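Okay, so here's the structure we're looking at.
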Amino acid sequence: MFVKGYGAICRPLTQLLQKDSFIWTDTTTMAFKQLKHAMSQPPMLALPNFDKTFVVETGASGVGIGVVLMQEGHPIAFVSKALGSRQLALSTYERELLAVDTRRRATAPAFLFV
């Protein structure tokens with residue numbers, strides 16, 4: 001199942017798992033509702049067609065990074081992860097570069113041609 005921005009959406013919920021930090025707030029309620037909506041209507045991953053062009057989209061927000069490998073607007077593979085405290089201190093450009101590097105590491109074995 002592919003959920004765009006999964007890591008960023010889940011970050012407030014994941015933070016609840018830290019020791020002595022289970023405090024349900026409006027932010028966690030919003031994250032839960034967003035995740036519930038995203039999980040109930042996800043786009044399906046498509047199978048790659050090696051005769052068609054691949055497109056890689058990367059992105060970074062204030063809380064996470066994401067990478068999607070697509071063909072004709074349909075997701076083929078994805079990586080989404082929340083940023084740690086050290087990564088949150090990076091500039092926007094550095095976070096975008098981190099997303100590109102994450103794409104390289106995640107897809108290199110399977111998609112050497114991308």
Estimated 222 nm signal from helices in the chain, with DSSP H stretches of n ≥ 4 weighted -39500 (n - 2.57), rounded to 500 | -12000 deg cm²/dmol
Ranked by GNM mean-square fluctuation in the chain (Cα springs under 10 Å), the top entry among Glu57, Glu94, Glu72 is Glu72
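Rounded to the nearest 0.05, what FRET efficiency do Leu90 and Thr27 give with R0 = 25 Å and r taken as the Cβ-Cβ distance? Could you check? Before the final figure, lay out the partial values.
Working: r = 22 Å, r/R0 = 0.89.
Result of the calculation: an efficiency of 0.65.
Taking neighbour Cβ counts within 10 Å as the exposure measure, how do Leu98, Leu16, Leu47 sort from fewest upward? If you can, show how the numbers build up before the last one.
Details: Leu98 17, Leu16 13, Leu47 7.
Ordered by Cβ neighbours within 10 Å, fewest first: Leu47, Leu16, Leu98.
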Residue separation times 0.36 nm, minus the C-alpha to C-alpha distance between Leu97 and Met44: what's the value?
-> 16.4 nm
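What is the sum of charges, Lys and Arg at +1 and Asp and Glu at -1, for the other residues whose Cβ falls under 15 Å from the Cβ of Gly64?
Details: positive: Lys4, Arg11, Lys81, Arg86, Arg95, Arg103; negative: Glu57, Glu94, Glu96, Asp101.
Every neighbour counted, the sum reads +2.
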Relative contact order computed over the range 1-74 (Cα-Cα under 8 Å; 6+ residues apart), in percent | 36
GNM result for the chain, Cα springs below 10 Å: residue of Val55, Val68, Val79 fluctuating most strongly = Val55
Label selected from (1) 1.80; (2) 1.17; (3) 1.23, the criterion being Cα Rg over 2.2 N^0.38 Å as computed here = (2)
Does anyone have the angle between helix 6-15 and the longest principal axis of the chain? Alpha-carbon axes, 0 to 90°, nearest 10?
-> 20
When the chain is modelled as a GNM with alpha-carbon springs shorter than 10 Å, which of Gln18, Gln87, Gln41 fluctuates the most?
-> Gln18
Please give the net charge around Asp101, taking every other residue with its beta carbon less than 13 angstrom from that of Asp101, where Lys and Arg add +1 and Asp and Glu add -1.
-> +3
By how many degrees, between 0 and 90 and to the nearest 10, does the Cα long axis of helix 26-40 differ from the longest principal axis of the chain?
-> 30
Once Lys and Arg get +1 and Asp and Glu get -1 on their Cβ, which of Ala38, Cys10, Ile65 lies farthest toward the positive end of the dipole of the chain?
-> Cys10
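Exposed loop chymotrypsin sites (Phe, Trp or Tyr not before Pro) only (DSSP loop, at most 11 other Cβ atoms within 10 Å): please give the longest stretch of the chain free of them, not including the sites.
Numbers: sites that count: Phe22, Trp24, Phe50, Phe113.
Free of exposed loop sites, the longest segment is 51-112.
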Dipole magnitude (debye, nearest 20) for the chain, charges at Cβ of Lys, Arg, Asp, Glu | 220
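Throughout, read-outs are computed from the coordinates displayed, never taken from laboratory work. Note that the structure is predicted; figures quoted are calculated from it, not measured. So basically every Cβ, Gly included, is an ideal-geometry build from the backbone, and we count neighbours across all protein chains shown.
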